[in-house]
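**Q** This is the structure I want to talk about, given as structure tokens.
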């Protein structure tokens, strides 16, 4: 019997996808917001497809802020945008 793959909902496009295909952004216990590439950091997580369009849609609709429960500092937003700029092929 195959092991069930965890599914998460994207905050940008609202489509369910496999957890390992998505980017996790986490608010740690001390209130810091960071990218969790391995999915193991302790804290409140929010999932977004690995596309810049979904990230920008989640920012514009404030879904990311609502999900994490804190405002996201501009330097963290910039680092997430750099992640997408480095990982997308076009």
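Each reported figure results from applying straightforward, stated rules to the coordinates on display, with no laboratory input. Fair warning: this is a prediction, and the values are worked out from it, not measured in the lab. As a convention, Cβ positions derive from the backbone with ideal geometry for all residues, glycine included, and neighbour counts pool all protein chains shown.
**Q** Percent relative contact order of the chain, based on C-alpha pairs within less than 8 angstrom and at least six residues apart?
**A** It comes to 26 percent, rounded to a whole number.
**Q** Using the Cα atoms of segment 8-87 to build a convex hull, what is its mean projected area in square nanometres?
**A** 4.7
**Q** Arrange 50, 38, 57 by Cβ neighbour counts within 10 Å, fewest through most, would you?
**A** 38, 50, 57
**Q** To continue, here is another question. Along Cα→Cβ, 7 Å out, is where each label goes; now give me the distance between the ones at residue 14 and residue 78 in nm to one decimal.
**A** About 3.3 nm separates the two model spin labels.
**Q** Also, quick follow-up: Taking the Cβ of each residue in 85, 30 as the centre, tally the other Cβ atoms inside 10 Å and list the residues starting with the fewest.
**A** The fewest-first ordering by Cβ neighbours comes to 30, 85.
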